[in-house]
Ligand code: PRX
């Protein structure tokens, strides 16, 4: 039975929106007409055909080639897209395997990512030094800077020389705790230039979280700013860093804190903490200014680490994923060009391709999205990238659309949570602005609900733009499943089809066997290595193996559940581990639990996700109290503060429920499955509760949750 509603979307307006189209030319259509399999959802999927059958067939053929001989596919791109100081030996394109986590790409080849992202565009044959590399818009809309490739090169060199001057060496880990200012991207590139490994910590993390990461990476150097600005408020970043380096776990590790100054509303906002040794701080803006704007690039091996990025996992301890130089650079560059349909396809083979895109990813560079799709991917492609310091709500909910109009943005990339929160204000704000420059709209970080997808498509894109739903992870380095603009038909809520070079499979969660027919439901895994994959967890390769490689030997296990529909399109059904996705931020429930039990009043804590209209998932905490601590609203506030202090404000719980008991098995295990159902109000699907020590807990807890809703 055919269950697809086909909806037309073409790139040349006007066009019939939501018109049923009858065409036998797309393979999707063909499959629809012949496939009698039952779908896994009761609702028909809508399909927006933004492509021709020829482009989809072309994708399918290129994708098949890219996974048939994946080493050849990536090697061709590595030589045509990147400039190498020394070529990799022919046999070293891809070596190693998932089983022992020994994957390596292009080993022995020498290159520098900063050279590829900056310097080469200032030189012949590109000669683009005068073109804009970074458009920065500060917290206040009138605070805009355009930085050319040549200016970027000069600034990066100065910062690189300043880092060297204080003793930073190849292989050292430099921690960055910075606002979204151009100096953040420049410092990342400066590290890459001299072979230092950056570890960027999102500026919403607390002092405790920074200290844990500094300790884990044994990072002697920390770069911060005196203050940051967001939504009209000043963020005391230097003070938070100072608090971090005073913590026990950092003692004896940090040698210097390099402070960029002058971003505050009043120029300098330097605050000298009385109890931090003055000699630790370096006035970095001054040191940078007096450096020479020339600094040679370190020759890095393709497998040398480029950066570490911490992410949450099933345990309380964040893991530092290590990304390497050659494979990551290639993957970032290639996916940026293909997923967003960049009109300029730069590379040594095509140096003078026209530069037409104004590309804006409005994430924070503190997360992987910012690393790959604000800094490295766009600059490696030689386009201009946008850095945005503020929030979508400042000074009002029209900020994004005002920026699209003023900067004539062509590609706009954000998270579903931002779309949902803007949608609440209605269509008036976007309608005030000219959004006709837009061509591609991207989403990332969590599944996008069809209502938000359609609002983005209809109201922001005016039914003319491709909406690319990009599925990926910190670990994958870049997109692994997404539609391609003008190529893949779109289904609201589905991230659609695998990226080139990515062989995605659905495994039966229990048996680990590949499910070959569609529709299918199970866990998502990848069958072959790809260049952008993280190579290890810093200092703990065993953990890397345990989390990603051992659950299903021979595959990379992503930790997400998924469904593949009858057309072969993927739908992410959410994490299958103890990680929740709050506003697109990945948070380990164990991290929140350990923040709660750190409070003396808490005896036990269990944290689960709860459906949330804007955030996608909210944080719901169930806690039992230690003897002598009475329940009170004041205590709930203290517990919430404890989480903010241990992790950061973005992890603030949405609900804290104090309870005399938690649902436990007779063997003393907390039944989180039951808590998830209670939190979601799904009592009719609680499943088996006979193993509970005291089944009456369920009723009491659900009454409490209902009261708080
Ligand atoms: O659960 C998936 C979800 O975000 C997780 C990765 O989080 P993180 O490493 O913080 O990276 C976020 C930005 C890439 C995934 O395991 N996720 C990411 N993108 C999507 C998604 N879920 C559904 N659809 C997406 N497009």
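Looking at the structure I just gave you, is residue 492 within 11 Å of the ligand (Cβ to nearest atom), touching a residue at least 12 places away in the same chain (Cβ under 8 Å) and surrounded by fewer than 24 Cβ atoms within 10 Å (Cβ to Cβ)?
no
When 170, 145, 164 are checked against the criterion of being surrounded by fewer than 20 Cβ atoms within 10 Å (Cβ to Cβ) and assigned to a loop (DSSP other than H, G, I, E, B), a single residue qualifies: 170.
Checked against (1) free of Cβ contacts under 8 Å to residues at least 40 places away in the same chain; (2) under 29 Å from residue 384 (Cα atoms); (3) part of a helix (DSSP H, G or I), residue 127 meets all criteria but (3). Determine, yes or no, whether residue 660 is touching a strand residue (DSSP E or B) at 6+ places or on another chain (Cβ under 7 Å), assigned to a loop (DSSP other than H, G, I, E, B) and within 30 Å of residue 235 (Cβ to Cβ). No: the conditions fail for residue 660. Of the residues making up segment 80-105, those that are part of a helix (DSSP H, G or I), touching a residue at least 12 places away in the same chain (Cβ under 8 Å) and farther than 24 Å from residue 537 by Cβ are 80, 81. Does residue 498 satisfy being more than 26 Å from residue 586 (Cα to Cα) and more than 12 Å from the ligand (Cβ to nearest atom)? For residue 498, the condition - more than 26 Å from residue 586 (Cα to Cα) and more than 12 Å from the ligand (Cβ to nearest atom) - is not met. In segment 561-572, of all residues being surrounded by fewer than 22 Cβ atoms within 10 Å (Cβ to Cβ) and in contact (Cβ under 8 Å) with a residue 60 or more places away in the chain, the one that is nearest to the ligand (Cβ to nearest atom) corresponds to 572. Taking the conditions exactly as written (within 28 Å of residue 214 (Cα to Cα), in a loop (DSSP other than H, G, I, E, B) and in contact with a strand residue (DSSP E or B) (Cβ under 8 Å, 6 or more places away or on another chain)), does residue 534 satisfy them or not? Yes, satisfied. Note on segment 415-437: residues that are over 21 Å from residue 394 (Cα atoms) and touching a helix residue (DSSP H, G or I) at 6+ places or on another chain (Cβ under 7 Å) total 1. Restricting segment 220-248 to residues that are part of a helix (DSSP H, G or I) and in contact with a helix residue (DSSP H, G or I) (Cβ under 6 Å, 6 or more places away or on another chain), the residue that is surrounded by the most Cβ atoms within 10 Å (Cβ to Cβ) is 244. Among the residues of segment 153-168, some residue qualifies, meaning at least one is at positive phi and modelled with pLDDT of 95 or more.
Scan segment 507-519 and give yes if some residue there is touching a residue at least 12 places away in the same chain (Cβ under 8 Å), within 28 Å of residue 365 (Cα to Cα) and buried (at least 17 other Cβ atoms within 10 Å of the Cβ), otherwise no. Scanning segment 507-519 turns up no residue that is touching a residue at least 12 places away in the same chain (Cβ under 8 Å), within 28 Å of residue 365 (Cα to Cα) and buried (at least 17 other Cβ atoms within 10 Å of the Cβ). Looking for something surrounded by fewer than 17 Cβ atoms within 10 Å (Cβ to Cβ) and in a strand (DSSP E or B) - is there at least one such residue anywhere in segment 626-648? There is no residue in segment 626-648 that is surrounded by fewer than 17 Cβ atoms within 10 Å (Cβ to Cβ) and in a strand (DSSP E or B).
Going by what's in this entry, would residue 387 be described as in a helix (DSSP H, G or I), more than 16 Å from the ligand (Cβ to nearest atom), farther than 30 Å from residue 555 by Cβ and touching a strand residue (DSSP E or B) at 6+ places or on another chain (Cβ under 9 Å)? So residue 387 fails the test.
Restricting attention to segment 106-124 and to residues that are free of Cβ contacts under 8 Å to residues at least 60 places away in the same chain and not in a helix (DSSP H, G or I), the residue that is farthest from the chain's Cα centre (by Cα) turns out to be 124.
Every residue in segment 296-328 that is under 16 Å from the mean Cα position of the chain (by Cα) and not in a loop (DSSP other than H, G, I, E, B), please.
307, 308, 309, 310, 311, 319, 320, 321, 322, 323, 328, listed by residue number.
Restricting attention to segment 670-709, the residues that are in a loop (DSSP other than H, G, I, E, B) and surrounded by 11 or more Cβ atoms within 10 Å (Cβ to Cβ) add up to 9. Here segment 524-554 is the region considered, the condition is being buried (at least 23 other Cβ atoms within 10 Å of the Cβ) and over 24 Å from residue 308 (Cβ atoms), and the residue that is farthest from the ligand (Cβ to nearest atom) is 525.
Comparison of 366, 377 shows that the only residue that is under 21 Å from the mean Cα position of the chain (by Cα) and in a helix (DSSP H, G or I) is 377. Considering segment 559-613, the qualifying strands (runs of 3 or more DSSP E), each wholly inside and each with 1 or more residues that are on the phi < 0 side of the Ramachandran plot and in contact with a helix residue (DSSP H, G or I) (Cβ under 9 Å, 6 or more places away or on another chain), run over 579-582, 585-588, 602-612. Does residue 667 fit the bill of being without any contact (Cβ under 8 Å) to a residue 60 or more places away in the chain and in a loop (DSSP other than H, G, I, E, B)? Yes, satisfied. Screening residue 383 on (1) under 30 Å from residue 190 (Cβ atoms); (2) buried (at least 24 other Cβ atoms within 10 Å of the Cβ); (3) at pLDDT 95 or above shows it passes everything except condition (3).
The values are calculated or read from the model by the stated rules, or taken from the named source; none is laboratory data. Because the structure is a prediction, the values reported are computed rather than measured. Ideal geometry is used to build each Cβ from the backbone, glycine not excepted, and the neighbour counts take in all protein chains shown.
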